[in-house]
Each structure stands twice: as structure tokens, then as C-alpha cells.
1. Based on what the data block shows, is LEU329 modelled with pLDDT of 90 or more and closer than 26 Å to LEU163 by Cα?
2. From the residues in the stretch 270-289 that are touching a residue at least 24 places away in the same chain (Cβ under 8 Å) and in a helix (DSSP H, G or I), which one is nearest to the chain's Cα centre (by Cα)?
3. List every residue pair whose Cβ atoms sit under 7 Å apart, with the two residues 6 or more apart in sequence or on different chains, where the first one lies in the stretch 461-483 and is β-branched (Val, Ile, Thr) and the second, anywhere, is in a helix (DSSP H, G or I).
4. Check whether at least one residue in the stretch 75-84 is crowded, with 16+ Cβ neighbours inside 10 Å and over 16 Å from MET387 (Cα atoms), and report yes or no.
5. Would you mind stating whether TYR414 is crowded, with 21+ Cβ neighbours inside 10 Å, outside any loop (DSSP other than H, G, I, E, B), in contact with a Pro (Cβ under 9 Å, 6 or more places away or on another chain) and of a type in the set (Phe, Trp, Tyr)?
6. Hey, could you check the stretch 93-145 for residues that are among the acidic types (Asp, Glu) and over 15 Å from GLY406 (Cβ atoms) and say which is modelled with the lowest pLDDT?
7. Quick check on this structure: which one of GLN294, GLN328 is assigned to a helix (DSSP H, G or I), more than 22 Å from ASP157 (Cβ to Cβ) and out of contact with any strand residue (DSSP E or B) (no Cβ under 9 Å at 6 or more places or on another chain)?
Amino acid sequence: MALIHTITLWDIAVWTGYLVFAGVAVAFLVFVGFVLYTKYVHRKFDHIPGPPRKHFLSGHLVPFLADTRSGRNINDTFLRWVTETGGPVCRLNLYFLVILLVTCPEATKEILMSPKYGKEPKGMKRLSSMFGVRFLGNGLLTAMDHNQWYKQRRIMDPAFSSLYLRGLMGVFNERAECLMGKLEEYAERQAPVQMDKLINTFTLDVITKVAFGVDLDLFNSGDSPFPRAIELCLKGMFHHTRDKDFESQPENKKVVEEIKEAILLLRETGKTWIDERRRAVRNGENVPKDILTQILKSAEESNDDDEETILDNFVTFFIAGQETTANQLSFAIMELGRHPEILSRLTEEVDEVIGMKKEISYEDLGNLTYLTQVLKETLRLYPTAPMTSRHLPHDMVIDGMKIPGGCMVIFSSYVSSRLERFFKDPLTFDPERFHLNAPKPYFCYYPFSLGPRSCIGQHFSQLEAKVALAKLVQRFDFSLVPGQSFEIKDLASLRPQNGVRCTVKLRDNA
């Protein structure tokens, strides 16, 4: 019996050794296969210029993650790499994933203007759900199926038509007056004002009123959880799409939980407001043809009454409708404070067109041509949504260079707008670039993207920005507080690194 027992233990030891050896062998073969496949991908794309790889396997991942985790603006790194390579396509490697930064205007036109090139699926999937919580789901921004997206877009379009936007001028004026009233308080106290925070309050007040029919009255109602929730959602978008290890790092546990709670707050708020709108419709009440009505109509006409899909679009418009306009206005105020001669010229135009009127009309905005130039130049240097991506399903030729299919293509208005070959003295803030008689940028300036998947709310955003900026210039003299930083914070969208602090005082004619 002892002999049998000994043999049994020996057999177990031998078989355990075999299994360990087999496991090591399999792991080794998998690693070799991974290395060989990475090498194959590298050879397939290495004819395309790119910065030197920091590591054979990880490629450019280390500097990419370093920028992400340190808070540096990754767009400046992209700009440096594109400038160094000098060509219309710049290759980046993240293990066997290949990303191509394209600045060729013809390729930009061909790819972004065509529905044949869908959004990059991996990135959209990571926006669909964040940290295990449904975020943007299958809404207008993230829908991958073109037919499904097109149906949603077609139903949403009336809420952004010129006719409907004209009807919003009263709300734009009313909310901008609330902003002016708050600035008057700072002027009376002669206290510095954090302009970016006030602008964010203004744009959030506008989007909740005109998109969802809810009057938050944020300037008078005290603290609101929504600005913080939006900030957390943007932070989540930034890290979840760029750093897969963010969630697993112990030091990020608390903020990940806060991000999840912020997403749930927005979705629960959406459910409450949607239920209220449905009750109003059932009771025969007159409801506006706003974004919320169109979201519900989209679900009804597509026979998709899935509550989660409806909430996807609610969250999409809630965040996008507030963030981009606020950041554009913040950058515009920063640059006007930096260039008093441009501010002086803008003030002259506003005085001539608007005079002392408090109610700015739709027609007035059409006559504020220099103000339009200022806002366009702001978006050239500071496109608040700087990048968009597409999946390249098949081989193509860009500027004589063969590009293999199966890769991600990135278009960056930030990079293109700061290249000398497209704009003379590109880092100089010069609204004259967008004078009516100036040459038009050819597919190198696209702050709202291009083609069928361009931003549906771009005209809404610019009307809102024009009203707010015109009233600010009409009523106040303002200057930047000494020590103002001009650095850019990259948080999925771009914003001034340390905000915009100004001193304001009422103009003599106000």
C-alpha cells in the first residue's frame, strides 16, 4: 500500500510538472505569436512616416499615456509629431493598433464627407458605457449603424432648423441678461470674476431651458449638482477612452465612483423630465418642438420605445449643448483680453449695430460680421472638440501614398489649424483670416467636424455665443487679471487651463 501511495504522489508530481511546462510553453507561443503579429503590422504600415517608436511592442503608447496622466494637452504632442514628419499622414503605433493622423485636405474631404467611413468602433464602444455604467449608449453621437443614425438625425433636425432657432432668440437674450446682471454685481464690488464659471452657468441655463423646457434659473438658485456632474462625465470620457488602466488603479477608485454617480444623476434627471413631458403630451398640453420633444418623437417613429435609448440622447445633448459653447466663449474672452486692439474694433462694431438695445435680434447677428470672425478665429486656435475619428475599411491612396485598410484615422482641427502650410503665422490670433474676402480654408478648418456626422448643434451654439459676447462687449469694459495663464486643459474637450479671470466695469454708455 505504501508503494502504491508513493507512486500516486509521484504521478501527481510528474503530471503537475507537465501541466506547468505546457502552460509555460503555451504562454511563450502566445507571446511569440503576439510579437510576430505586431512585427507584421509594423512592416505593413512602416512606409508611412511617423515619430520614432519608444518601444518595439508598445510603440508610442508611453508618451501617449504620459500626456494623458500628467494632464498635458495631447493635441500639442500630435502637432509636434505631424510637424516633425512633415507629410500629409503621420503614423502612430500602440502595440498592433495603428492610428493615422491625416492632415491632407483632399483625404479629409473624401473621408469625412462620405457616409462610407463609419466612426471608429472601439472608441464609440468606450463612450457607450463607462466603468460598467451605460453612458451615451446608442444615441446620436455613438450610433454605429448608419441607417439607425440617419433616422435619429432626420427626426432631430427640426429642433435645429433656422426657423426654430429664430424663435429661441428671446431665451438667448433673457439668459444672457441674467449673465449681465451677475457681472454688474462684480463690477459694483470691483471684484475679479471667474468668467469661465459664469459662462458655464449661462450655457447650462440655456440648454436646459431651450432643449428640455426646464427653468433651472442657476444664477439665482444657488448650488446645482449639474456642473460638477458634467465635469466628472467629461473626466470619465477622457480617461476611459485613453487609459484602459485608469479604473484599476487604486488611487482612482474614489473618482471612478463619483463619475458613475454623475452618470446616474444625469440619466435619472432625464427620466424625470421625460416622464413630465410625456404626461404633458397625454394631457393635451402645448409642448415646444424642442430637443426633448424630438427625442421622444424619434423613439416613437422608429418604434423604439426603449427608455435607455431615449436617455442616451438626453445625456448626449445635455453635456454637448453646454460644454462646447462655454469653452468657446471662455477662449474668446481670454483672447480679447489679450488683444485690446481687437476688442476695441469689436466694440465699435457692436456699438454701431446694436447700440443701446437690450434685445438683440436674429437680423442684428447677421450684421455683426467682425464678431463672427472673432468667434471663428477662436475655434481655429481652440476647437473645443478637437478630434474626430473614422475607421478605414479598405486600402486607399492619400497624396500618392498607399494606405492599408483596417486602421483608425484621426482628423484634428487643432493640428490642421496650427500648421504653417495652411495658415500664415498660425499661432497668432487674427480674425481677419475669416474676412468675407479672405481665401477660405480648404478642408483644414472643421471645429464642428464635417459631412453627415458633423455637429447638429453648431448653428444653435454660434447664435448663443454671439448673443452672449455681443451683450458683454456692449455693456462692459473688461481686462485680464495679471498672471492669467494661456495654457490649454485637455479634458476630451479643450478649455483654459486655469480658467479666465477678469476685472469688469460698466461702460459709460451702459
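The values are calculated or read from the model by the stated rules, or taken from the named source; none is laboratory data. Everything quoted here is computed from the prediction, not taken from an experiment. Cβ coordinates were reconstructed from backbone atoms using ideal geometry, including for glycine residues, and neighbour counts include every protein chain displayed.
1. On the way: modelled with pLDDT of 90 or more: yes; closer than 26 Å to LEU163 by Cα: yes.
Yes; evaluated as a whole, the condition is true for this residue.
2. Step one: filter the stretch 270-289 for residues touching a residue at least 24 places away in the same chain (Cβ under 8 Å), giving 270-271, 273-274, 277, 287-289.
Within this subset, residues satisfying the condition of being in a helix (DSSP H, G or I) are 270-271, 273-274, 277.
Working: GLY270: 21, LYS271: 24, TRP273: 25, ILE274: 25, ARG277: 28 Å.
In this case the residue turns out to be GLY270.
3. VAL467/PHE172; VAL467/ASN173; VAL467/ALA176; VAL473/LEU346; VAL473/THR347; VAL473/VAL350
4. No, there is no match, as no residue in the stretch 75-84 is crowded, with 16+ Cβ neighbours inside 10 Å and over 16 Å from MET387 (Cα atoms).
5. Numbers: crowded, with 21+ Cβ neighbours inside 10 Å: yes; outside any loop (DSSP other than H, G, I, E, B): yes; in contact with a Pro (Cβ under 9 Å, 6 or more places away or on another chain): yes; of a type in the set (Phe, Trp, Tyr): yes.
In short, yes.
6. So the first thing to find is which residues in the stretch 93-145 are among the acidic types (Asp, Glu), and the list is 106, 110, 120, 145.
Next cut, over 15 Å from GLY406 (Cβ atoms) only: 106, 110, 145.
Values: GLU106: 96, GLU110: 95, ASP145: 83.
Among residues in the stretch 93-145 that are among the acidic types (Asp, Glu) and over 15 Å from GLY406 (Cβ atoms), the one modelled with the lowest pLDDT is ASP145.
7. GLN328
For every residue, the table says whether it meets (1) surrounded by 15 or more Cβ atoms within 10 Å (Cβ to Cβ); (2) among the hydrophobic types (A, V, I, L, M, F, W, C); (3) in contact (Cβ under 8 Å) with a residue 60 or more places away in the chain.
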| position | (1), (2), (3) |
| --- | --- |
| LYS54 | no, no, no |
| ASN73 | yes, no, yes |
| ARG91 | yes, no, no |
| LEU100 | yes, yes, yes |
| MET130 | yes, yes, yes |
| LEU141 | yes, yes, yes |
| LYS151 | yes, no, yes |
| ARG154 | no, no, no |
